[in-house]
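Everything on this sheet refers to the single structure shown next.
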Amino acid sequence: MPEPPTLTTLPFVQPTHCRRYEGRVAIVTGAAQGLGLVIARRLAEEGADIVACDIQEQRLSRAAGELQDGTNQRILAVAGDLSEPGVADDMVRRALDEFGHIDTLVNNAAALIRLKLVDFTEELMQQAVKWNVWNTLRCCKAVLPHMIERGFGRIVNIGGEAWRTGAPYHTLLAGIGKGSMIGLTATLAGEVVRHGITVNCVSPGGIETEADGAKEPAPPGFREPGWTDPQFFEDMRRAAAGRVTGMGRLAHPTEVAAAVAFFGSPEAAFVTGQHLGASGGIAML
Ligand SMILES: NC(=O)c1ccc[n+]([C@@H]2O[C@H](COP(=O)([O-])OP(=O)(O)OC[C@H]3O[C@@H](n4cnc5c(N)ncnc54)[C@H](O)[C@@H]3O)[C@@H](O)[C@H]2O)c1
């Protein structure tokens, strides 16, 4: 069987000239690296002050410093495990103390644990649910009282196309984690629609997350070896090469951040409870 072609990322960054976030404040979770860092930079480039949260304290602090220098916006770094009770509440309190209001919450933090279901230990299974479901739920619950009081809010959940393409190794991450993002997006959107709050979801396919602009690559062992099956990348590459739809490459993270920036902005005023695949056409409608 011939080797599948290597997928390459376009070597470009999608720049923006929009300023939709002037005077606005956005929380971005999982902002120490990868897509979260790029989303934070995009919203800051559009004028937002940023509350950047992540469980990786040192990496977050470095990322926040770089964001501040690169964009001249105010950046508040809040370190902690958002899946634990009280951490998201504390983050919201600190954001309000610092900035006085919150306009946008981007629920990006997740644990990319990709194994076949039969290979999950009890501990990893619990971890996958905790870091892919509880983070988002707790952040939404923490920020809503303020948004309801103001009569304005934008919540953007980061999904992942694997929940609807049936990708192997994704039962916990996408089936449970992202599947719950989809359900939560619709039901919460319905619950808060009368308060001027919108809730939407953006699903990436594969992303070139090393293109996050961070000066240092992700720390070795951050994704522990047990978290991703050794066969994973090979199998996923084969599956991607055999696909008849799609652009046949990974996304540059700025291409996903552009979709998030729309949903999180005041412009997306009449769009709620929606799911958008920012995934180069690997799934269509
Ligand atoms: N990378 C991809 O190809 C891809 C594809 C589809 C969807 N996604 C989704 O995009 C998002 C970002 O992915 P990424 O590749 O940048 O991942 P990543 O692992 O590089 O970044 C995730 C960040 O979330 C943080 N985090 C995890 N659990 C946390 C917790 N409990 N509390 C606080 N912070 C926590 C991590 O420390 C990390 O910095 C995720 O929601 C992911 O599921 C990624």
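Bear in mind that the values in this text are calculations on the coordinates, not laboratory data. Keep in mind the model is a prediction, meaning the values are calculated, not measured. Here the Cβ positions follow ideal geometry from the backbone for every residue, glycine too, while neighbour counts run over all protein chains shown.
Straight-line cross-link reach from K178 at under 20 Å between alpha-carbon atoms covers these lysines, not counting any fewer than eight positions away in the same chain: K116, K130, K141. Note on V271 and V118: the model spin-label points, each 7 Å out from Cα along the C-beta direction, lie 4.2 nm apart.
Amide H contacts of I282 (H built 1.01 Å from N, in plane; Pro and chain starts excluded): M247 sit under 5 Å, all sequence-distant by 5 or more or on other chains. Spatial offset of the stretch 226-279 relative to the stretch 72-144 amounts to 20 Å, using the alpha carbon center of each. Radius of gyration over Kirkwood radius for the chain, both on Cα atoms: the Rg/Rh ratio is 0.95. In this structure, the amide hydrogen of V78, modeled 1.01 Å from its nitrogen in the peptide plane, lies closer than 5 angstrom to those of A52, C53, D54, counting only residues at least 5 positions away or on a different chain.
Peptides 133-142, 114-123, ordered by how many other C-beta atoms sit within 10 Å of their residues on average, highest first, read 133-142, 114-123. Ranked by the mean number of other Cβ atoms within 10 Å per residue, highest first, peptides 61-68, 253-260 order as 253-260, 61-68.
Remark: the stretch 199-206, residue by residue, has Karplus-estimated 3J(HN,Hα) of 10, 9, 10, 10, 10, x, x, x Hz, where x stands for each Gly or Pro and the curve is 6.51 cos²θ - 1.76 cosθ + 1.60 at θ = phi - 60°.
Above 20 Å, the calculated P(r) of the stretch 91-215 contains 49 percent of its Cα-Cα pairs. Take 40-47, 89-96 and order them by the average number of nearby Cβ atoms within 10 Å per residue, most first; the result is 40-47, 89-96.
The aspartates and glutamates whose alpha-carbon is closer than 14 Å to the alpha-carbon of K215, local same-chain residues fewer than 8 away aside, are E66, D69. Sequence-ordered 3J(HN,Hα) estimates for the stretch 83-90 from the Karplus curve with 6.51, -1.76 and 1.60 and θ = phi - 60° stand at 7, 8, x, x, 5, 5, 4, 5 Hz, glycine and proline given as x. Per-residue Karplus couplings for the stretch 113-118, computed as 6.51 cos²θ - 1.76 cosθ + 1.60 with θ equal to phi - 60°, are listed in order as 9, 10, 9, 5, 4, 5 Hz, Gly and Pro entered as x. Exposure proxy shown here: for K215, K130, the number of other Cβ atoms within 10 Å sets the order, fewest to most, as K215, K130.
The Cβ shell under 12 Å around T136 holds other residues with a net charge of +4, Lys and Arg each +1, Asp and Glu each -1.
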